[in-house]
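Working notes, beginning with the structure itself.
The values are calculated or read from the model by the stated rules, or taken from the named source; none is laboratory data. On a predicted model such as this, the values are computed, not experimentally measured, just so you know. Cβ sites come from the backbone with ideal geometry, for glycine too, and all protein chains shown count toward neighbours.
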Amino acid sequence: MKRAVKTYYEAGTAEQKKLFARLEKVIRDVDPHLEVGIVYGVPTYGTKPGRVGLGYWKGGVSFYPYCGSALDEFRARYPGIKTAKGSINFTLADRVPVAALKKVIRQALRRGRVGGH
């Protein structure tokens with residue numbers, strides 16, 4: 001783990017770090033070879049434009065697919081999980097729908113590949 005990402009990770013509470021690690025594992029399960037760095041102040045996996053990010057907020061961890069269209073189906077299927085224009089804001093109490101999140105990750109990462117949208 002790069003120093004800047006490790007420093008970011010360590011700044012979270014124990015509960016946030018647990019959720020962050022779980023979400024990072026879901027990202028790595030989709031593609032274990034993604035590059036990681038800090039983009040827009042948060043750990044980001046992949047390369048522009050095909051990337052996803054994770055960031056702390058007071059209630060948990062936000063997942064950033066950096067594209068709104070990847071979120072439409074997720075929002076419809078999981079209205080109880082808070083979303084914003086470009087993020088899914090997981091609270092510490094939310095159950096993470098892994099299969100649905102992997103679908104969002106794959107769609108977001110495809111944006112960086114030729115022919116991917």
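Screening GLY55, GLY46 for residues that are modelled with pLDDT of 95 or more and outside any helix (DSSP H, G or I) leaves exactly one candidate, GLY55.
I need every pair where a residue in the range 79-95 that is touching a residue at least 24 places away in the same chain (Cβ under 8 Å) has its Cβ under 6 Å from the Cβ of a residue that is part of a loop (DSSP other than H, G, I, E, B) and surrounded by fewer than 17 Cβ atoms within 10 Å (Cβ to Cβ), sequence separation at least 6 or different chains. Note: pairs meeting the criteria are THR91/GLY59. Of the residues making up the range 67-98, those that are aliphatic (A, V, I, L, M), within 22 Å of ARG110 (Cβ to Cβ) and in contact with a helix residue (DSSP H, G or I) (Cβ under 8 Å, 6 or more places away or on another chain) are ALA70, LEU71, ILE88, VAL96, VAL98. Of the residues making up the range 65-110, just one is under 16 Å from PHE20 (Cβ atoms) and of a type in the set (Asp, Glu), namely ASP94. Return yes when VAL26 is surrounded by 13 or more Cβ atoms within 10 Å (Cβ to Cβ), within 20 Å of ARG110 (Cα to Cα) and under 14 Å from the mean Cα position of the chain (by Cα) and no when it is not. Yes; evaluated as a whole, the condition is true for this residue. Looking only at residues that are among the aromatic types (Phe, Trp, Tyr) and within 11 Å of ALA108 (Cβ to Cβ) in the range 29-66, which one is surrounded by the most Cβ atoms within 10 Å (Cβ to Cβ)? Of everything passing the filter in the range 29-66, PHE63 is surrounded by the most Cβ atoms within 10 Å (Cβ to Cβ). Flag set for LYS18, criterion: at pLDDT 95 or above and either surrounded by fewer than 17 Cβ atoms within 10 Å (Cβ to Cβ) or among the acidic types (Asp, Glu) (or both).
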